[in-house]
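Asker: Structure below; questions to follow.
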Amino acid sequence: MKKIFLTLVCLLTILGANAATFNPESRVTTVGNNLISKNGLPSVSFKVTNNYIDNGDVVTSKILNISRDKLRYAGNDNEVAAVISQEMGAIVNASASKNSLINSVSNSILNNISSQGLYNVASVTQQLALSNMNTKDLMDADITGVDLMIKAGYNPLAMIVVLGKMEGSLTDSFKMQPANLNRTMNIYDYLSYNYPEKVKAGYACNEYRNFVAYIQPTIDERNSNKKVLEKFQKEQAKAKKEREKQLLKYKVTGGANGWNVTQTLLQK
């Protein structure tokens with residue numbers, strides 16, 4: 001019994017030391033290059049930054065910016081891969097370029113408004129438009145990201161854990177629900193239908209176990225309703241086809257899309 005106790009103490013000490021010394025920023029290039037290589041994506045270099053992340057010009061800059069703030073939620077390579085894959089997902093889906101263009105055009109318009117009142121109204125309208133657009137874009141980027149993670153050999157459930165560690169919305173707080181629940185539930189649904197073996201394998205941490213316990217009643221309710229379940233299955237199968245189509249398009253064009261072409265023309 002004493003030997004078992006000492007073994008557990010040593011194991012916990014080792015795990016604690018590893019957790020304390022893990023530096024996610026130092027793993028970005030290695031993990032990022034693995035994601036690029038295993039998915040056959042155009043080569044880029046990686047830059048960790050504190051600035052606002054805008055990867056809309058990655059096709060020309062060949063630099064993929066990664067948020068230092070988001071990386072602080074990553075405790076291992078799977079979670080570093082999750083942070084990087086979210087950015088890659090937005091790039092593959094062209095939403096990064098779209099957001100960059102819309103933001104650029106909106107700022108140009110705002111800069112030419114002399115009336116403070118009109119400027120304030122236009123500014124609020126811009127933020128609302130970007131916010132509403134980003135909700136769906138982020139969710140699509142998440143599931144594209146988990147596709148990339150799986151092909152590179154990472155546990156896609158890590159993305160649920162990372163998002164759960166991040167700050168949630170006011171809605172999450174008011175409802176006393178896990179942070180970023182809409183996004184994490186979207187990822188879980190996508191994986192449970194398209195990659196059931198990954199969900200079955202699980203992810204060994206309390207954050208993930210707590211998340212599954214929270215959503216289980218919702219899943220049970222859906223599974224008990226045949227019509228709702230059939231709709232869910234059709235939506236997830238469609239989502240997988242759309243992600244595959246978008247990834248193929250990205251590879252064929254080398255990452256170029258109509259949004260960044262338009263922005264280039266506007267800047268001339």
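Values quoted throughout were computed directly from the atomic coordinates according to the rules given, and no laboratory measurement underlies them. Bear in mind that the values here come from a model prediction, so they are computed numbers and not experimental data. Every residue, glycine as well, gets a Cβ built from its backbone with ideal geometry; the counts of neighbours run over all protein chains shown.
Asker: How do the peptides 139-149, 229-239 rank, highest first, by the average count of neighbouring beta carbon atoms within 10 Å per residue?
Answerer: 139-149, 229-239
Asker: Let me ask another. What nm distance separates the two modelled labels at F174 and V48, each placed 7 Å from Cα along Cα→Cβ?
Answerer: Rounded to a tenth, the inter-label distance reads 3.7 nm.
Asker: List the residues whose amide H sits under 5 Å from the amide H of F46, counting only those 5 or more places along or on another chain, with H placed 1.01 Å from N in the peptide plane.
Answerer: HN-HN under 5 Å from F46: L64.
Asker: Please report the net charge: other residues with Cβ closer than 12 Å to the Cβ of F22, K and R +1, D and E -1.
Answerer: That sum, taken over residues with Cβ under 12 Å, equals -1.
Asker: Here's another thing I want to ask about it. Take the Cα coordinates of the stretch 18-78, assign each an equal point scatterer, and use the Debye formula without solvent to give log10 I(q)/I(0) at q = 0.12, 0.28 Å⁻¹.
Answerer: Values returned for q = 0.12, 0.28 Å⁻¹ are -0.31, -1.26.
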